[in-house]
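As C-alpha cells, the structure follows; a few thoughts come after it.
The values are calculated or read from the model by the stated rules, or taken from the named source; none is laboratory data. Quick caveat: nothing in here was measured; it's all calculated off a predicted structure. As a convention, Cβ positions derive from the backbone with ideal geometry for all residues, glycine included, and neighbour counts pool all protein chains shown.
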Amino acid sequence: MRKHFSPFCVCILASALALTFSLPSLAASPNDNRPKVRAITAFIELDRTRYKTQIAETLAALKTIKAAYEKAGFQVQTLRITTQPFPEYTRNLSDEQALAFFKQYDDLAQKDGFDASIGPATQRTGDSPREAHLLAKIIASTKILEGSVVIAGDKGIHWDAIPAAAAVIHYLADNSPNGLGNFRFAAIAMVPPNTPFYPASYQINGNHTFAVGLQSANVIATALASTTDPQKAQEAIEDSLGKWAQEIEALGKRAAQETGWRYTGIDLSPAPLRDVSIGGAIENFTHQPLGSSGTLAAVAIITRALKNIRVTRTGYSGVMLPVLEDSVIARRWSEGRLSLDSLLLDSSVCATGLDVIPMPGDTTEAQIEPILKDVASLAYKWHKPLAARLLPVKGKKAGEQTEFQDPFLVNAMIRPVR
C-alpha cells in the first residue's frame, strides 16, 4: 500500500542496524512458500498535544521491526498505527475542531506512509450515537483513517449501536467516492483489543505494544493440496504454517528487546489478496465450488489447525472470506453460490464475519440493521470475533458489476439484499 517513510533519529537507525546484523539471513528461494507479513501494527495511547512526536517515535520502532523481518527473508506489506478509541482524545473538541485534527493526522499518515486506525466511536450500550456520526464524517473527509462501531461485547449485544453503525454505512455510501469509505469502516462484535487487522483494530491498555498479521493463504493452499484426508490436512497446516509462525514470533520477540516495544502476538488469520486465494485453497481441497457442501467443514479444519499452532495468538486468528479481496470468492459470489447467509454459516466455525460485501447503492439503513443484528447475535452467542464491512455502491443496482479501480479489490456482481 503506502510505502513512503520519513527520516528518524540516528539512535534509532543505529538500533535498527544492530538488530539487522544480529539476525541470520534467510533469503527467500524461488520455491519458498513462506507467508507475507501483511501488517506490523503498533498500539499507542495518543496524546493530541504531542502526537507528531509520538508518531515519529512509533514509526522508528516499526521500521526497526520491519528491517528485522526483511533481513530474515519476509516481505512486509504495511506498517500500521492504532490508537485508543478516538472519543477519548477528542473530548471537549467541537466536531469542526475534531475534523480539522483528523485531517492533519491523515495528511501525516499519507506523508509518512503508514496506515492508521482511530478505533471505535462507541464501545458500550448507551454511548452517544453522535460519535458514530462524527466517525462517518472523519472517514468521508480523509483517505487513510479507519474506524469502527462496537455492536456486541462481553456484556451483550449493543442494540442501540446497530442503528448508529447502519447510519455510518449509509452515510459513507453516499459521501465517499464509489462508497469506498466503507472499506475503512466496520461494525465489530466481540473483537478483542490489540488486533492487527483493520478496520477493526483498536487499543485498550496496550500502549507501546505491537502485533503482527499474516497474509498466508498461499501456505494454507499448499498444505491442503497435499492430501484429501481431513486429519492429515489439519496436521499439514499446523506443521507448515506453524513453522513460519514460530519463526515470525521469535523475530518479533527479538525485535521487542531491541526496540523496547512489547510484542503481543500474531493474528494467524490466513488473509488472502486477489489471486492469493483462500477460496481457491478450500476448493482444491473439497474439489467443489466454494459454497457447496463441504465448505463449512474445510473452514472448520483450517480453524482447528490455527488454534493448535503454538504461538501467542491475537485478534481473529480465524478464516477470512472477504468477497472483494479474493478472486475465487468474488467469482462464487457473482455466481450466486455464496450469500450473506452462507457466509454467516461459515462464520459460525470461526471465520471473520461479512467482509467487503458489495451491495446495491439504494440499500437502506432499515435493510442494513437486520444484517448487523445477525452478526452481533452470532458473535455474542459463540463468544467469537466477527465484523461486518458492507459496501453499498452508489448508482449500482442488483445484477450489475462493481467497477472499482483499486489494486487491492476484485470486482464482482452486486446481489440483491433479501
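Summary table below
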| item | result |
| --- | --- |
| Set I162, I188: member being part of a strand (DSSP E or B) and either more than 28 Å from N33 (Cα to Cα) or among the basic types (K, R) (or both) | I188 |
| Given (1) part of a loop (DSSP other than H, G, I, E, B); (2) crowded, with 24+ Cβ neighbours inside 10 Å, number of the condition G73 does not satisfy | (2) |
| Any hit, the stretch 338-355, residues being at pLDDT 95 or above and either in contact with a His (Cβ under 8 Å, 6 or more places away or on another chain) or closer than 18 Å to G181 by Cβ (or both) | yes |
| Subset of the stretch 225-244 that is of a type in the set (S, T, Y) and at pLDDT below 95 - its residue that is nearest to G294 (Cα to Cα) | T228 |
| Selection count where residues are surrounded by fewer than 22 Cβ atoms within 10 Å (Cβ to Cβ) and either at positive phi or not small (G, A, S) (or both), scope the stretch 146-168 | 7 |
| Filtered residues of the stretch 79-101 (kept if crowded, with 21+ Cβ neighbours inside 10 Å and either among the charged types (D, E, K, R) or assigned to a strand (DSSP E or B) (or both)) | L79, R80, I81, T82, T83 |
| Residue check for R254: closer than 18 Å to L62 by Cα, out of contact with any Phe, Trp or Tyr (no Cβ under 8 Å at 6 or more places or on another chain) and not hydroxyl-bearing (S, T, Y) | yes |
| Matching entry among T142, T83, T90, T125 (being among the polar types (S, T, N, Q) and touching a residue at least 60 places away in the same chain (Cβ under 8 Å)) | T83 |
